[in-house]
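> I have a structure here, written as structure tokens, and I will follow up with some questions on it.
Taken together, the values in this text are just the output of simple stated rules run on the coordinates, not laboratory data. The shown structure was predicted, so the numbers you read here are calculated from the model rather than taken from an experiment. Positions of Cβ are generated from backbone atoms using ideal geometry, with glycine treated the same way; all protein chains shown enter the neighbour counts.
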Amino acid sequence: MLQLRPNCECCNTDLPPDSGAAKICSFECTFCASCAEGVLGGSCPNCGGELVVRPRRPVQKLIQHPPSAERIFKPLGCAAS
Ligand SMILES: [Zn+2]
Ligand SMILES: [Zn+2]
């Protein structure tokens, strides 16, 4: 099950579970759309994998399966190379 991390690793912007702007790689490194499509060029800076739109979890499922509250923020990891 997806963790649904709460923020972008690059710019620390909030990405709530109902956000359509969240992008993830296969390891669930999580970024906002502007970082993913901008500075990152569509690739995860941690693993090199592709970033795709994170599916939204229906609100009624979030009660039983809440999103992760752990913020991961690595501003150095996504500096333009
Ligand atoms: Zn971002
Ligand atoms: Zn990754």
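> Taking a quarter of the surface of the convex hull around the Cα atoms of segment 34-81, what do you get in nm²?
Over all viewing directions, segment 34-81 projects a mean Cα-hull area of 4.3 nm².
> Taking just the alpha carbons, could you work out the radius of gyration and Dmax for the chain, both in angstroms?
Computed over the Cα atoms of the chain, radius of gyration and Dmax are 12.0, 41 Å.
> Using +1 at the Cβ of each Lys and Arg and -1 at the Cβ of each Asp and Glu in the chain, identify which of 73, 58, 3 lies farthest towards the dipole's positive end.
Selected residue: 58.
> Residue 2 versus residue 68, label points 7 Å from Cα toward the beta carbon: distance in nm?
About 1.3 nm separates the two model spin labels.
> Rank by packing, highest mean first: peptides 16-25, 2-11, with packing defined as the count of other Cβ atoms within 10 Å averaged across residues.
Going from most to least packed, we get 2-11, 16-25.
> State the extension gain, in nm to one decimal, for the chain segment bounded by residue 47 and residue 76, taking 0.36 nm per residue of separation less the distance between their alpha-carbons.
9.0 nm
> Here's another thing I want to ask about it. With a 10 Å radius around each residue's Cβ, average the other Cβ atoms per peptide and rank 57-66, 37-46, highest first.
Put in order of decreasing packing, that is 37-46, 57-66.
> Let me ask something else about it. What's the FRET efficiency of residue 39 with residue 18 using the Cβ-Cβ distance as r and R₀ = 22 Å, to the nearest 0.05?
0.35
> Can you compute the charge dipole magnitude of the chain about its Cα centre, using +1 on each Lys and Arg Cβ and -1 on each Asp and Glu Cβ, nothing else charged? Give it in debye, rounded to the nearest 20.
180
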